[in-house]
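Read the figures in this text as sums done on the coordinates, not as results from a lab. Predicted model, so just to flag it, every value in this text is computed and none were measured. Note that we place each Cβ from the backbone using ideal geometry, even for glycine, and neighbour counts take in every protein chain shown.
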Amino acid sequence: MSLIDDELAKAEAESSEARHQLAMTVVALQSRLKPSALARDAVEELKEAGGEMARSGLEAVKRNPLPAIGVTALLTAFVARKPLARLFRRQPTDA
């Protein structure tokens with residue numbers, strides 16, 4: 001074989017390897033871009049972010065619990081506003 005034939009065979013082998021690598025990359029991209037895979041990744045990221053937010057919120061409440069108690073009291077009063085209103089409504093007196 002001549003030098004040109006050797007280089008041509010080498011170039012064809014490199015080309016074949018490059019095509020194989022490209023095909024593998026395309027397969028990997030297709031699997032990562034499936035809607036189910038994207039949804040799964042999004043759910044995982046939301047879980048991580050939600051967990052981090054919960055941890056930081058809990059740390060804030062531990063550092064300063066009074067605002068959390070106030071907010072809890074306000075939310076409870078809002079949810080129970082009708083029973084509380086009935087409780088404090090004046091009852092007719094028998095005079």
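Data overview
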item	result
Set of lysines with alpha-carbon distance to Lys47 below 23 Å, sequence-local pairs under 8 removed	Lys34, Lys62
Estimated distance in nm for a label pair at Leu29 and Ala80, the labels positioned 7 Å out from Cα along Cα-to-Cβ	6.0 nm
Alpha-carbon Rg/Rh ratio, for region 9-85, with Rh computed the Kirkwood way	1.51
Of Glu12, Glu59, Glu45, the one that fluctuates the most in a GNM where the chain has Cα springs shorter than 10 Å	Glu12
In Hz, Karplus ³J(HN,Hα) per residue of region 50-58 (6.51, -1.76, 1.60; θ = phi - 60°; x = Gly, Pro)	x, x, 5, 5, 5, 5, 5, x, 5
In sequence order, calculated HN-Hα J values of region 79-90 (Karplus, 6.51, -1.76, 1.60; Hz; x Gly/Pro)	5, 9, 5, 5, x, 5, 5, 5, 5, 8, 5, 5
